1. Given B:MET129, B:ASN337, A:VAL63, which one lies farthest toward the positive end of the charge dipole of the protein assembly as shown, if we put +1 on the Cβ of every Lys and Arg and -1 on the Cβ of every Asp and Glu?
2. Roughly how big is chain B's charge dipole about its Cα centre, with Cβ charges of +1 (Lys, Arg) and -1 (Asp, Glu), in debye to the nearest 20?
3. At 0.36 nm per residue, minus the direct Cα-Cα distance, what do B:ALA273 and B:GLU13 gain on full extension? Give it in nm, one decimal, please.
4. Quick check for you: with a 1.4 Å probe and neighbouring chains kept, what is the accessible area per residue of the stretch A:1-53, in Å²?
5. With a cut-off of at most 14 other beta carbons within 10 Å, and DSSP calling the residue loop, which trypsin sites (Lys or Arg not before Pro) in the stretch B:12-76 qualify? Please list them.
6. Mind checking the stretch B:239-318 for GluC sites (Glu not before Pro) that DSSP puts in a loop (not H, G, I, E or B) and that have at most 16 other Cβ atoms within 10 Å?
7. Are there trypsin sites (Lys or Arg not before Pro) in the stretch B:134-213 that DSSP marks as loop and that have at most 16 other Cβ atoms within 10 Å, and which are they?
8. Do you know the relative contact order of chain A, to the nearest whole percent, from alpha carbon pairs under 8 angstrom that are 6+ apart?
Amino acid sequence: MARITKEKVKHVANLARLEFSEDEMDMFTKQLDDIITYAEQLNELDTTNVKPTSHVLDVINVVREDEVRPSLDREDTLKNAPDHEDGQIKVPSVLE
Amino acid sequence: MSIFDHQIKDIHELLHKKELSVTDLVEESYSRIKEVEGKVDSFLQLTEENARQQAKDLDQVLTTEGVKGNLFGLPTGIKDNIVTKGIRTTCASKLLENFEPVHNATVVEKLAAANTVTIGKLNMDEFAMGSSNENSGFKVTRNPWDTNRVPGGSSGGSAASVASGEVLFSLGSDTGGSIREPAAFCGVVGLKPTYGRVSRFGLVAFASSLDQIGPITRTVEDNAFVLQTIAGYDKMDSTSANVEVPDYRVALTGDIKDLKIAVPKEYLGEGVAPEVREKIEQALKTLESLGATWEEVSLPHSKYANAAYYILSSSEASANLARFDGIRYGKRMEDTNLIETYRKTRSQGFGDEVKRRIMLGTFALSSGYYDAYYKKAQQVRTLIKQDFDEVFKKYDVIIGPTAPTTAFKIGEKMNDPLTMYATDILTIPMNLAGVPAISVPAGLADGLPVGLQIIGNYFEESTVYRVAHAFEQATDFHKQKPTL
């Protein structure tokens, strides 16, 4: 059952902000289909009423006092930005 | 014989008696690196200038104040997904080729406070995704026991550098076996602590509900020394556990009389190579001779762990890696507009395995598939955790092999992701459950190391160390070294 089609891979690639050549598209379609087919074995298990685990420890809502503390300084923060101007990160045009 | 064949406590004794200096230790590291690095390729970057200066400073401290701190003067390597202030941290990804962190990870701060010396940053699979180090964006680290074979992954550089005597210890990270599998393949000791035992602040996130930092060393005692230094609650990591850190050295008694061991039949079944099984059976005999008893048990959901893991870890990765878009840090491939810039940056910056996982995770989380894959995998995770809870009601530790085979050949599994994923089958369940596990050397099969895995209940690192130490003291496997 080929549930992963090239169309679907294109759609997911768009969501993930990735682009692929035709060859890569073929490769990922096949590999993702293999992996998803493999993952289908989870359906052998009846999980009705089983609570999902997102975190293994019993820690919930870790809170702290809302204290003012120094942040990284602006110069440091911008040090790794590929492009910046006037103390702000510069990005390509957002609007067409 | 190298000075690194000594344990930390013996090195400290020599420092104390002024028979050795920190500079000697650091020079030993760099001269060994000069000698073998061409064959092993453990490091992405060396920090020679800093290290030599630091050695001088620490030698000054040695003269005036003596050996100060748990890990005083010890040369160490840090996996390149742990951020180091002012020292390039790439996660072995082209996208982060020039990234220079502006702060230290908590573990790096703790090592600095314990007066260690950082020798360099270690190679890994890109963003810690892989089991062989072949997914590094820069180079492939080789197994010191046979340089045609992989060192394991993703902390391959961390394990290979310790095994080949380039550093005394290293830090790695383990999301599905990334400390334990390379430790097994390279014949060294690697611990994945309980989830939450060590702060992850400053560890570049792969799968946040699974990632954990841990030490790689030549001996169990040294491993306990390092964990002692890096463990504990950190207010900067809300997933770190506010649980007291015991004195791990107290556990190293050599006494395992009346210890109850569980051996899951699933861990010695199909897919486990006969030569690996044989070493584990021998190890059980050794443990029996020390007064422990063992029984076969079942962890019935083991076979589903891999499928659940790849869905969950990839889903978390697809969200965590969304931040690499070429805007705030990393390389930017500029295009006509913002969206195209994201696309180009990510497509050119990430390697194939990282893209595969992002695609898998994005798919599993996408509208219409979330319940069928992501939620289902989370439910299976619950069943896997319950398997462990059940066994730990009756037994002190669980024992099995760390990996189903010894180190495989470079290139052998690169064309088929599912075959590569199967190498993690014995290490993944512990990450899903969150329990601690160690890999210790259990002897050589055809000249390649086999790892014995000892798994404990939550926050029972002491028990894990006690058993590992008793086994180590009863055998000579940890003294075997590769010839390079």
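The values are calculated or read from the model by the stated rules, or taken from the named source; none is laboratory data. These numbers come from a predicted model, not from an experiment. Note that we place each Cβ from the backbone using ideal geometry, even for glycine, and neighbour counts take in every protein chain shown. The accessibility values were calculated without ligands, DNA or RNA, using every heavy atom of the protein model including side chains. Shrake-Rupley method; radii C 1.70, N 1.55, O 1.52, S 1.80 Å.
1. B:ASN337
2. On the way: 53 positive and 63 negative charges, 195 e Å.
In debye, rounded to 20, chain B gives about 940.
3. On the way: separation 260, 0.36 × 260 = 93.60 nm, distance 4.22 nm.
Gain on extension, B:ALA273 to B:GLU13, equals 89.4 nm.
4. Working: 3060 Å² over 53 residues.
On a per-residue basis, the stretch A:1-53 sits at 58 Å².
5. On the way: sites: B:LYS17, B:LYS18, B:ARG32, B:LYS34, B:LYS39, B:ARG52, B:LYS56, B:LYS68; in loops: B:LYS17, B:LYS18, B:LYS68.
In loop regions of the stretch B:12-76 (DSSP not H, G, I, E or B), the sparsely surrounded trypsin sites (Lys or Arg not before Pro) are B:LYS17, B:LYS18, B:LYS68.
6. Numbers: sites: B:GLU244, B:GLU266, B:GLU270, B:GLU275, B:GLU278, B:GLU281, B:GLU288, B:GLU295, B:GLU296, B:GLU316; in loops: B:GLU244, B:GLU270.
Counting only loop positions with at most 16 other Cβ atoms within 10 Å, the GluC sites (Glu not before Pro) in the stretch B:239-318 are B:GLU244, B:GLU270.
7. Details: sites: B:LYS139, B:ARG142, B:ARG149, B:ARG180, B:ARG197, B:ARG200; in loops: B:LYS139, B:ARG142, B:ARG197, B:ARG200.
Answer by residue number: B:LYS139.
8. Details: 30 pairs, mean separation 17.7, N = 96.
Reported relative contact order: 18 percent.
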